[in-house]
1. Which pairs have Cβ atoms under 7 Å, sit 6 or more apart or on different chains, and link a residue in segment 106-131 that is of a type in the set (Asp, Glu) to one that is in a loop (DSSP other than H, G, I, E, B)?
2. Any residue that is crowded, with 22+ Cβ neighbours inside 10 Å, touching a helix residue (DSSP H, G or I) at 6+ places or on another chain (Cβ under 6 Å) and small (Gly, Ala, Ser) - is there at least one of those in segment 35-54?
3. Taking the criterion of being of a type outside the set (Ser, Thr, Tyr), touching a strand residue (DSSP E or B) at 6+ places or on another chain (Cβ under 7 Å), in a strand (DSSP E or B) and surrounded by 13 or more Cβ atoms within 10 Å (Cβ to Cβ), would at least one residue in segment 110-117 satisfy it?
4. Could you check how many residues of segment 233-275 are under 18 Å from Glu10 (Cβ atoms), of a type in the set (S, T, N, Q) and either outside any loop (DSSP other than H, G, I, E, B) or modelled with pLDDT under 95 (or both)?
5. Quick check on my filter: what residues within segment 10-28 are among the β-branched types (Val, Ile, Thr), assigned to a loop (DSSP other than H, G, I, E, B) and touching a helix residue (DSSP H, G or I) at 6+ places or on another chain (Cβ under 6 Å)?
6. Output the number of the condition that Thr143 fails; it satisfies all remaining conditions of (1) outside any helix (DSSP H, G or I); (2) crowded, with 17+ Cβ neighbours inside 10 Å; (3) hydroxyl-bearing (Ser, Thr, Tyr).
7. Can you tell which of Asp107, Asp96 is closer than 22 Å to Gly249 by Cα and either of a type outside the set (Val, Ile, Thr) or surrounded by 14 or more Cβ atoms within 10 Å (Cβ to Cβ) (or both)?
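The values are calculated or read from the model by the stated rules, or taken from the named source; none is laboratory data. Since the structure is predicted, the reported quantities are computational estimates derived from the model, not experimental observations. No Cβ is skipped: glycine too gets one built from the backbone with ideal geometry, and neighbour counts run over all protein chains shown.
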Amino acid sequence: MYGVVTRNEEEVSWEEFERVFFEMKDVTGRATTPVAGAVNMISCFGDNAAVEGDPSLAPVSAEGERATRDRDYFDWDYVCPTDDTYREGVLEMIDDAVEADENVRLDDVGFPREEYCHCDRCERRFEASEFEDRTRWRQQVITDFVAEARERIPGDLYLTLYPDPYPGHLARRSGIDLDALSEYVDEFVVPIYDMAYETTYWVEVIATGFEDRLDTPFSIELYAINIDLDNLVHATEVAQEYAKSVLFGYQAGNGRAAIRRMHAEQQDGVDFGPE
């Protein structure tokens, strides 16, 4: 099964794609009207515009460093997952999304890295919690958010995962408890992005890791912008051996060309002899 991740509404109806994810809100903070006939995607805790407007929204390390894109390791600004007002805004976006389509994908769910967050609010809530282990407390914060979202989504809930299947890494890095979240999530999506896909053994390594780790179905999202078509086809052939579907990210035309190439190759050499 093949699908696309797009910001362009006109691509929602392209017949080559059996599933379409439409980016309703991205990490820049840009938001648009959800569309019917697609799974609307919401960047939950990645939001440049929100943090630019209110820097106090950003998670803080124990050393006082904020999780913003002007620091190493961050490509966008993060919002602390314990900020109730911001969370409520995300949940309201989910309400808007399900009016257009009952299925929703949640992107950028979790804490930014292991050392976050030590803002005053997080410190108070951790101290008042039942947990002695901060990692376990962070997992509960994220699980509670996804559970709240689940209550508002009548269809399938998709959740994007950072592409690290190694045991314990997602829990420590982002507060993602895969076992707990599997109760609420219908399908995970793993972006495995590269600028060329000139080699693909590592795609297989990551894919098999998630195949071993997850009981819940998962799809693999490949980067499709300006990728050599032969390389994209090869990466797709690897990914589809393990994933429920392969999604082409942000260049539907290249994704469509890859699908057509694979369909054509499957037809090559077919002998239609007499019945």
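1. Asp107/Cys44; Asp108/Val27; Asp108/Cys44; Asp108/Phe45; Glu115/Ala62
2. yes
3. No, every residue in segment 110-117 fails to be of a type outside the set (Ser, Thr, Tyr), touching a strand residue (DSSP E or B) at 6+ places or on another chain (Cβ under 7 Å), in a strand (DSSP E or B) and surrounded by 13 or more Cβ atoms within 10 Å (Cβ to Cβ).
4. Residues meeting the conditions: 1.
5. If the condition is that a residue be among the β-branched types (Val, Ile, Thr), assigned to a loop (DSSP other than H, G, I, E, B) and touching a helix residue (DSSP H, G or I) at 6+ places or on another chain (Cβ under 6 Å), then Thr28 is the only one that fits.
6. (1)
7. Only one candidate passes the filter, namely Asp107.
Table: residues versus (1) within 21 Å of Ala31 (Cα to Cα); (2) touching a residue at least 24 places away in the same chain (Cβ under 8 Å); (3) not in a helix (DSSP H, G or I).
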position	(1), (2), (3)
Thr68	yes, no, yes
Pro81	yes, yes, yes
Tyr86	yes, yes, no
Val90	yes, yes, no
